[in-house]
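For reference, the structure discussed in these notes is given below.
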C-alpha cells in the first residue's frame, strides 16, 4: 500500500481520537466529575462512529470526492468544537444539549472515514492486506493521540488551539488524498476551493485563538482575567477586581485574597497550635502556598514538605509578584521543599515522618480527587504521621454539602483516626468545614501565633460548635472501590445550584 495512504490513515485516526479527548476534557473542565464526563463522551462518540460506519453504505458514487468532503467537514467541525463549546458555556444553561450533539456529529463523520477508505482501496490491495494495514495504522494513530494529548497538546497549546491544529491536519489529509486520487475526481477544482476556505477559517481561528479564549473567559468570570493556562491536570484562571485576586481551578473558586485568611487560619492553626513540639510538617495540595504561609508562623517548625501534583501551579505561586506577596514568599523559604507528585502515590512511596499534616485538596467533585478522601488515603496518611501526630483536612461545606462533610468525618474514623470536626465562616464560600485527625485525644490550643487576622481564643470556641442544620447526619465511609462521597457531593451541590 502506498506510504501516502498509510500516512493519511495515521493522520485521520490521530485527529479522530484528539477530538474525542478534547470533548471529554472540556466536559470535565466545565461540568466536573471527570470519570462520568469522559465515560459519557467516549460512549456517545463511539456510538456515533458506529452510526457513521452504518451510514457510509449509502455513499455509492464519487467515493474519493465524498472522502475528501468528509475530511473537510470533520476538520472544520472538530477543529472549532473546543472554541464553540468554551464560548457557549457562559451563554447556554443546558450546556449538555450543545456538547453531545457536537460529539455526535464529529463521531458520525469520523465513523464514515475508515469504511469509505477501505471501499476506495479495495480494488488496489488484497483484502487481507488492506484490512490489516489500515486498521494497524488506525491503532497507531490512536496511540499517538493518547500520548500527544496529555504530554504536548494540553500543556503547550491548550484545548482550543489543539482542536484547531488537528482540524487543519484533517483538511490537509483530505488535500493529500486528493493529490493521490485526483484523476478520479470530477470536481477537483471545487474541492480545492472548499479546502482553501476551510484552511482559511481554521488558520484564522488558530491565529486568534488566544483572543477567543480570553473573550470566552471574560464571559465566564465576572472580573478581569489576568492569567490563564491549561495544564495536564486542570485549567488555572486568576482574576482581579481592584485589589481582590481570585483563583479558579476548572471554573471553581479556590480563594479570594480578601478573605482567604479566614479559610487558611482555621485550617492550619486549630491543629498546629496544639502541637508546640511539631518540627516537620506535610502539606498535601495547597500549591498556592497559603497554608504553608500559616505553617511558617511557627519558629519551631524546621521543615515543610509541600506535595502538589501540578508544577505549573507551584511555579506560578513562586514567581507571580502579586501571588508571592499574598503567600509571603512561602514557597521560596529555605524551610520548604516542593514536590510535584500525585499525593496518593507519594504517600505510598514515601518513608518520611511528620508531626502535622495539612490536607488541602479541592472539593471531591470527581473520582480523581475523590480518591484523596478515601479510607485508603487516610490509612496511608496515618503511616506518615508520628506517634502524636495530627492532620487537618479541608472537608467542604457542612451547610451546603452536609452529607458530604460528615462522609469525610466518617471516612477518617473508619481509617482509624479520632476525629474532631469544626467549621468557620468564609464570606466567599459561606460556612466551611474541616476535620482534625489524630491518633489520640485532641486538646484545644491555649495559645496562638502572633499576627493572625481572624483566629483568637474567643473565635476558636465557636469553631467546634455545630448548629442544628449542620450537625451530623448518616453517611457511608468513602472507599476507593465505591467513591460514595463523589455521588453525595454532586447531588448536594446540584441541589444548591438549582
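If you go through segment 226-248 and pick out every residue that is buried (at least 19 other Cβ atoms within 10 Å of the Cβ) and modelled with pLDDT of 85 or more, you end up with 8.
Scan segment 148-180 for residues that are touching a residue at least 40 places away in the same chain (Cβ under 8 Å) and under 16 Å from the mean Cα position of the chain (by Cα) and jot them down. Scanning segment 148-180 gives 149, 150, 151, 153, 154, 155, 158, 159, 160.
Per this entry, residue 368 is not counted among residues that are surrounded by 22 or more Cβ atoms within 10 Å (Cβ to Cβ) and either in contact with a helix residue (DSSP H, G or I) (Cβ under 6 Å, 6 or more places away or on another chain) or not assigned by TED's automatic domain parsing to the domain that holds residue 295 (or both).
Residues are listed down the side, and each one gets a yes or a no for (1) at pLDDT 80 or above; (2) under 21 Å from residue 8 (Cβ atoms):
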{"position": "182", "(1), (2)": "no, yes"}
{"position": "185", "(1), (2)": "no, yes"}
{"position": "188", "(1), (2)": "no, yes"}
{"position": "201", "(1), (2)": "yes, no"}
{"position": "205", "(1), (2)": "yes, no"}
{"position": "218", "(1), (2)": "no, no"}
{"position": "222", "(1), (2)": "no, no"}
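For residue 255, the conditions (1) closer than 27 Å to residue 286 by Cβ; (2) modelled with pLDDT under 90 are fulfilled apart from (2). If residue 362 meets every condition in (1) in contact (Cβ under 8 Å) with a residue 40 or more places away in the chain; (2) under 24 Å from residue 432 (Cα atoms); (3) buried (at least 22 other Cβ atoms within 10 Å of the Cβ) apart from one, which number is that one? Among (1) in contact (Cβ under 8 Å) with a residue 40 or more places away in the chain; (2) under 24 Å from residue 432 (Cα atoms); (3) buried (at least 22 other Cβ atoms within 10 Å of the Cβ), the lone unmet condition for residue 362 is (3). The helices (runs of 4 or more DSSP H) found wholly in segment 269-328 and carrying at least 1 residues that are buried (at least 24 other Cβ atoms within 10 Å of the Cβ) occupy 290-295, 311-319. If you go through segment 407-422 and keep only what is in a helix (DSSP H, G or I) and closer than 16 Å to residue 463 by Cα, you end up with just 409.
Among the candidates 159, 59, 169, 165, the residue that is in contact with a strand residue (DSSP E or B) (Cβ under 7 Å, 6 or more places away or on another chain) and either buried (at least 17 other Cβ atoms within 10 Å of the Cβ) or not assigned by TED's automatic domain parsing to the domain that holds residue 202 (or both) is uniquely 159.
Considering only residues of segment 353-387 that are part of a loop (DSSP other than H, G, I, E, B) and under 19 Å from residue 417 (Cβ atoms), which is farthest from the chain's Cα centre (by Cα)? Looking at the filtered set, the residue picked out is 353.
The values are calculated or read from the model by the stated rules, or taken from the named source; none is laboratory data. Fair warning: this is a prediction, and the values are worked out from it, not measured in the lab. For neighbour counting, all protein chains shown are included, and Cβ atoms are generated from backbone atoms with ideal geometry for every residue, glycine included.
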